[in-house]
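J.: The structure under discussion is supplied below as structure tokens; questions concerning it will follow.
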Amino acid sequence: MQELEKSYDASKVEANIYKQWLDSGYFNPDNLTCEKDAKHYNITLPPPNVTGTLHLGHALMLVVEDALIRFKRMQGDRTLWLPGTDHAAIATQSKVEAELQKKEGLSRHDLGREEFLKRVEAFAQNSHSTITAQMKAMGASVDWSRESYTLDQTRSRAVKTAFRRMYDLGLIYQGLRIVNWDVKGQTTISDDEIIREDRPGKLYTFRYSKDFPIAISTSRPETKVGDSAVAVHPEDTRYTQFIGKEYDVLFCGTKLHIKIVADESVDPLFGTGALGVTPAHSSIDWDIAQKNNLPHKQIIDERGRMLVEGSDLHGKKVLEGREFVVEWLKSQELLEKEEDIVQSMALAERTKGIIEPLPKEQWFIDVNREFSLPHSEISGIETGELVSLKRLMRHVVESGQIKIVPEHFEKIYYHWIDNLRDWCISRQIWYGHRVPVWYDSEGKHALPEEKTIHLARHAQCEGNAANILPGPDSKLTDLGRNQAKQLADNLRGKNITKIIASPFTRSQETARIVALELGLPEQQIEIWDEVQEIHVGNLVGKKEDPNLHDFAQAQKEGTGESLESIEKRVQQSIEKLESLKTEGSVLVVAHGGFNAVFMATLEGKKKEQYVAFRTKVGNIPNASFTTLTIVQDPEDSNLRQDNDTLDTWFSSGLWTFSTLGWPNNTQDLQDFHPTTLLETGYDILFFWVARMVLMSTTLTGQVPFKTVYLHGLVRDSDKQKMSKSKGNIIDPLDMVTKYGTDALRIALVFNTAAGTDIAFDEQKVKGMKHFANKLWNIARFVMSNVDKVEWSHKPNTDADREILGKLQATINSVTEHLEHYRLHEAAQSIYQFTWHEFADVYIEASKAQLLDETNKQNTKEVLFHTLITTLKLLHPFMPFITEHITSILSERNLRKHTEPLIVSKWPEA
RNA sequence: GGACGGUUAGCUCAGCUGGUAGAGCGCUUCGUUUACACCGAAGAUGUCACAGGUUCGAGUCCUGUACCGUCCACCA
């Protein structure tokens, strides 16, 4: 027997343990042996942005989610933790742009859309590899076979479908609005992407002209050439006499028509109490203009230059324009006051460029419009009931269908909803989902359409009847011909207008029978090579073995078709289907193996998934079919697609269900939606959590998740936000290298409550490394004293009884705390027990007991039982070391069961 | 301006449904007894921000004050 090292070295075991878990397949719920009525428990990973690497905040997220997932998996739930990444449109694009500028001195326009997007894709790929490697290092037990990306094909279908459906509901509209235009980034950004910075500025007070009755104050005199009104408070007695009057003035060489209007939003105490209304360059002014039917005139362009035809101002930069106007005011003796003030400037979060409010055609989601909810499983709201998005979002939390932990965030959520304005979803950037709207020459809209396809397997052929793998020429049997008729019967009323068949005889025959039965002319049958069965090479004619996955076997022997080739064919057939024009729906008559891959691809699963499908489920029955949805873009060379892309949160808003194959009604969607838990940082409650609620309730009629758990932000030891510029960033992998993953993991949740920020302290991680070492040595002690266990632990001494009692109390409290998301309490409880009860008290007592013949055996058993239970309780927090010790116990034949700890049974509370 | 948190041992924080305060780190003293010095034993430090109130009893509930922090809105 190999001597165990005196101290635990995490770096030697972790990678190996993770590989064992991967090989076991236990991260995938399809491979778990659960009770028939096992509960489903699933978390969809908040997808990290592909903008670089994971930070400590991500590490915390992974730790919390992994701990809960491992806990539930051990409790016997059918557990799914679905991973993925987010394309993070603006963030990623601006990162690549900055790099491009720095390294090559080029802008994205120099490269062109296509070439630039290639660069971004390459960058995203690179980030993706780094991120997945980091997640593996953290021990995340995610199901990689279901990994998703917010910009991949399956998610793209979901985005187009979502857009189309919401457009049809009247929730998505195009409109001219004042948007936040980022001059530097050349794009619109949302209110949430703005940061404010105090900067010194000047407040000018003046009149438009000598005879104008009211003086106004502004910090942006250059915009005043776009004014069409002066607004005053309706009860401001200084000005009431002027309300409704109109004036023509010549301001700085430009003719203006100014109307005096009353508006409640004007603060009589600010400046002169009169506000010059510039509808095109201020959202408040825009609102006032709308209310009073005032015209707007754009006088600043997208590049931040003055747009005043026929004036000396034209073409000047904004700041030059300001100086010009001020000089003019001075020369005309119109300037009454010039004060120094501090202005809070609106800047774009990503580019730090100044925000110029501009009127632009944008796509919006209307949050107030009432619409008839197409489908509802939400209690308190009927299918077809008139609701607004705001009401939906509020209702599901108010009614308790979504719980937020910690609870006080519910108030913040309501407050946000109450102040919510229409959501601008279009962006003038290139990286992202392109707005799925096409325009004809008259500007009319065309949108993608959902198409139904029925994917069938051919009827029984001679090869099937003989239970061998058939070649291309195998004909239908009599039974097969009847099955084909039956298939046609089942498809009646589905309005099939086109049939696609593979070149194989059995498929063509089936197709012809169906066509005949449905009265469809034979010309409507198309033969596609792409949909033929996966080649099994020299296994053709051999006996089919249900225990052997024939395609995989043929691949292994080198005579079968490669996975790459199959995937390519499937991909091509999907593309062909998506551009196939026909009035009704399409029937594809293909093959068992091919169909399995086809469905998995459409649902966005990985190849492991359909290989597993084939081995587990076996063949799809002859002549059975599945109904699937694909999305067809409008195709007409006269149509021009919108140039804008969608806000990244549009696609991440669909995340809980797009990752499960929506809009197809997949088994995953039925099993795992609504998801059980959403765990994320409180900083994206509005950006993301609220938007998922909006999208999910509207499109699926379900809440996206039942519980939201919000964790705090990880800050540095001085409670400062970690950022590159401060140079206080700590790379989680550095901590992993130094102290081991387990130490980092438990340190992150130890003594930190949900929703509160964490001051990260390296000392704490170090302490937890010591704890790991303590556990290691407890195990060494137990193993050195326990050779054979009778599995009938009978306490015999006071010490025995006491430790078992404490152990049970610990099981209860850890379980209870975990059930209620109090990970910090759970971790503390098991830490306390392990070190200060088990090690300090019982192990010390056991030393004497082991020397005493009457107590020797019971002591061994209590030691062993306590160790194995401790390992289980610690597993969610410290998965590597606990699994490692368990595997040594198994090797030494000390355990009754030898299954890995990850799927061992959680101790009964 | 609005909202939401926080204020507990030297530091970082926990304290779930109210019952005379806990953890980690740090500190002091002692101890190399073959699981562990990445250790053990013993120990010190708190009118739980302040002022009222409810209660037999409040760190825990209510009201107010002060300070710190975060978010949202506005800043013409």
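The values are calculated or read from the model by the stated rules, or taken from the named source; none is laboratory data. Bear in mind the structure is a predicted one, so any value in this text is a computation, not a measurement. With ideal geometry, Cβ positions are generated from the backbone for all residues, glycine too; neighbour counts draw on all protein chains shown. Side chains included, ligands, DNA and RNA excluded: accessible areas come from the protein's heavy atoms. Shrake-Rupley method; radii C 1.70, N 1.55, O 1.52, S 1.80 Å.
J.: Straight-line reach only, C-alpha to C-alpha below 20 angstrom: list the lysines that A:Lys36 could link to, leaving out same-chain residues fewer than 8 apart.
T.: A:Lys72, A:Lys616, A:Lys905
J.: Ranked by accessible surface with a 1.4 Å probe, highest first, in what order do A:Asp718, A:Asp731 come?
T.: Numbers: A:Asp718 115, A:Asp731 60 Å².
From most accessible down to least: A:Asp718, A:Asp731.
J.: Pulled fully out, how much extra length does the chain show between A:Asn751 and A:Glu575, if you take 0.36 nm times their separation in residues and subtract their Cα-Cα distance?
T.: Working: separation 176, 0.36 × 176 = 63.36 nm, distance 5.26 nm.
Result: 58.1 nm gained on full extension.
J.: Expressed as a whole number of Å, what is the distance separating the alpha-carbon centroids of segment A:828-902 and segment A:344-385?
T.: The two parts, judged by their Cα centres, are 55 Å apart.
J.: For A:Lys202, list the aspartates and glutamates whose Cα falls under 17 Å from its own Cα; do not include residues on the same chain fewer than 8 positions away.
T.: Straight-distance partners of A:Lys202: A:Glu222, A:Glu320, A:Glu323, A:Glu327, A:Glu336, A:Glu338, A:Glu339, A:Asp340.
J.: May I ask you to give the solvent-accessible area per residue for chain A, in square angstrom, as obtained with a 1.4 angstrom probe? Can you show the working numbers first?
T.: Values: 38850 Å² over 909 residues.
For chain A, the per-residue accessible area is 43 Å².
J.: With a Cα-only, solvent-free Debye model of chain A, what are the log10 I(q)/I(0) values at q = 0.05, 0.07 Å⁻¹?
T.: Relative scattering, expressed as log10 I(q)/I(0), comes to -0.39, -0.73.
J.: Which order do you get for A:Tyr413, A:Tyr149 if you rank them by accessible area with a 1.4 Å probe, largest at the top? Display every interim value, and only then the final one.
T.: On the way: A:Tyr413 5, A:Tyr149 40 Å².
Heavy-atom accessible area, descending, gives A:Tyr149, A:Tyr413.
J.: Using Cα pairs closer than 8 Å and at least 6 residues apart in sequence, work out the relative contact order for segment A:390-449, in percent.
T.: Working: 23 pairs, mean separation 11.8, N = 60.
Dividing the mean separation by the residue count of segment A:390-449 yields 20 percent.
J.: Along the Cα-to-Cβ line of A:Ser585, 7 Å from the Cα, sits a label point; which residues in segment A:499-526 have backbone N less than 15 Å from it?
T.: Under 15 Å, as judged by backbone N against the label point of A:Ser585, lie A:499-500 of segment A:499-526.
J.: Ok, one more. Once the piece of chain linking A:Asp671 and A:Ser331 is laid out straight, how much longer is it, given 0.36 nm per residue of separation minus the C-alpha distance between them?
T.: Between A:Asp671 and A:Ser331, full extension yields an extra 114.9 nm.
J.: Oh, and also: Please compute the length gained on full extension between A:Glu385 and A:Asn419, using 0.36 nm multiplied by the number of residues separating them and subtracting their Cα-Cα distance.
T.: On the way: separation 34, 0.36 × 34 = 12.24 nm, distance 2.37 nm.
Length gained, A:Glu385 through A:Asn419: 9.9 nm.
J.: With the full set of protein chains in place, find how many percent of the accessible area of chain A is carbon and sulfur; take the probe as 1.4 Å. Show your work: numbers first, answer last.
T.: On the way: 18770 of 38850 Å².
C and S atoms contribute 48 percent here.
J.: On to the next question. Normalised by the residues of segment A:558-691, what does the relative contact order come to in percent, with Cα pairs under 8 Å and at least six apart?
T.: Numbers: 65 pairs, mean separation 31.9, N = 134.
Reported as a whole number, the value is 24 percent.
J.: Right, another one. Between beta-carbons, use under 13 Å as the cut-off and find the net charge around A:His87, counting Lys and Arg +1, Asp and Glu -1.
T.: Working: positive: A:Lys95, A:Arg155, A:Arg427, A:Arg434; negative: A:Asp86, A:Glu121, A:Asp152, A:Asp647.
Taking every other residue near A:His87 into account, the sum is 0.
J.: Here's another thing I want to ask about it. I'd like the projected area of segment A:275-399, averaged over all directions, using the convex hull of its alpha carbons. Report it in nm² with one decimal. If you can, show how the numbers build up before the last one.
T.: Values: hull surface 51.3 nm².
Projected over every direction and averaged, the Cα hull of segment A:275-399 covers 12.8 nm².
J.: Right, another one. How far is helix A:607-617 tilted off the main Cα axis of chain A, in degrees rounded to 10, range 0 to 90?
T.: The helix A:607-617 is inclined about 50 degrees to chain A.
J.: Could you work out the relative contact order of chain A, using alpha carbon pairs under 8 angstrom and six or more residues apart, expressed as a whole percent?
T.: Values: 1677 pairs, mean separation 137.0, N = 909.
In percent, rounded to a whole number, it is 15.
J.: Ok, one more. ³J(HN,Hα) across segment A:731-743 via Karplus (A = 6.51, B = -1.76, C = 1.60, θ = phi - 60°), whole Hz, x for Gly/Pro?
T.: Each residue's phi maps through the Karplus curve to give 7, x, 5, 5, 5, 4, 5, 6, 10, x, 4, 4, 5 Hz.
J.: Under 5 Å between amide H atoms, partner at least 5 residues away or on a different chain: which partners does A:Ile500 have, H built in plane at 1.01 Å?
T.: For A:Ile500, whose amide H was placed from the backbone, the distant partners under 5 Å are A:Glu526, A:Leu587, A:Val588, A:Val589.
J.: What ranking do A:697-708, A:194-205, A:91-102 get when scored by the average of other Cβ atoms within 10 Å per residue, highest first? Write out the running numbers ahead of the final one.
T.: Details: A:697-708: 21.5, A:194-205: 14.0, A:91-102: 18.7.
Sorting A:697-708, A:194-205, A:91-102 by mean packing, highest first, produces A:697-708, A:91-102, A:194-205.
J.: Which far-off residues, 5 or more places away or on another chain, put their amide H under 5 Å from the one on A:Val435, with H placed in the peptide plane?
T.: A:Asp644, A:Thr645, A:Leu646
J.: Once the dipole of chain A is set up with Lys and Arg at +1 and Asp and Glu at -1 on Cβ about the Cα centre, which of A:His865, A:Leu4, A:Leu250 lies farthest towards its positive end?
T.: Most positive-ward Cα: A:Leu4.
J.: About its Cα centre, what dipole magnitude does chain A give when the only charges are +1 on Lys and Arg Cβ and -1 on Asp and Glu Cβ, stated in debye to the nearest 20?
T.: Values: 108 positive and 129 negative charges, 195 e Å.
With only Lys, Arg, Asp and Glu charged at Cβ, the dipole is about 940 debye.
J.: Sort A:241-249, A:733-741 by packing, meaning the average of other beta carbons within 10 Å per residue, with the highest value first. Intermediate values should be presented prior to the final figure.
T.: Details: A:241-249: 13.3, A:733-741: 20.0.
Put in order of decreasing packing, that is A:733-741, A:241-249.
J.: State which entries of A:Lys769/A:Lys847; A:Lys160/A:Lys494; A:Lys160/A:Lys706 exceed 29 angstrom in Cα-Cα distance in the structure shown.
T.: Result: no pair exceeds 29 Å.
J.: Follow-up question, since we're still on this one. So if I take the centroid of the Cα atoms in segment A:64-86 and the same for segment A:204-281, what is the distance between those two points in Å?
T.: First find each Cα centre; the distance between them is then 61 Å.
J.: Determine the sum of side-chain charges near A:Glu825: Lys and Arg each +1, Asp and Glu each -1, restricted to other residues whose C-beta is under 12 angstrom from that of A:Glu825.
T.: Values: positive: A:Arg822; negative: A:Glu816, A:Glu819.
So the environment of A:Glu825 carries a net charge of -1.
J.: How far apart, in nanometres, would the label points at A:Ser129 and A:Arg892 be if each is projected 7 angstrom from Cα along the Cα-to-Cβ direction?
T.: In this crude spin-label approximation the distance works out to 4.1 nm.
J.: Which links in A:Lys210/A:Lys297; A:Lys19/A:Lys738; A:Lys788/A:Lys872; A:Lys103/A:Lys764; A:Lys12/A:Lys568 stretch past 29 Å when you go from one Cα to the other?
T.: Numbers: A:Lys210/A:Lys297 23 Å; A:Lys19/A:Lys738 21 Å; A:Lys788/A:Lys872 21 Å; A:Lys103/A:Lys764 40 Å; A:Lys12/A:Lys568 40 Å.
Cα-Cα > 29 Å for A:Lys103/A:Lys764; A:Lys12/A:Lys568; rest within.
J.: Now for a separate question. Averaging the inverse of every distinct alpha carbon separation and then flipping it gives the Kirkwood radius. What is it for segment A:765-909, in angstrom units? Working shown, then result.
T.: Details: mean 1/r = 0.0652 Å⁻¹.
Averaging 1/r across every pair of different Cα atoms and inverting gives 15.3 Å.
J.: Which shape class, rounded, prolate or oblate, goes with segment A:30-85 when its Cα gyration tensor gives a ≥ b ≥ c as root eigenvalues, a/c under 1.5 marks rounded, and past that a/b bigger than b/c marks prolate?
T.: Values: a/c = 3.86, a/b = 2.29, b/c = 1.68.
Prolate.
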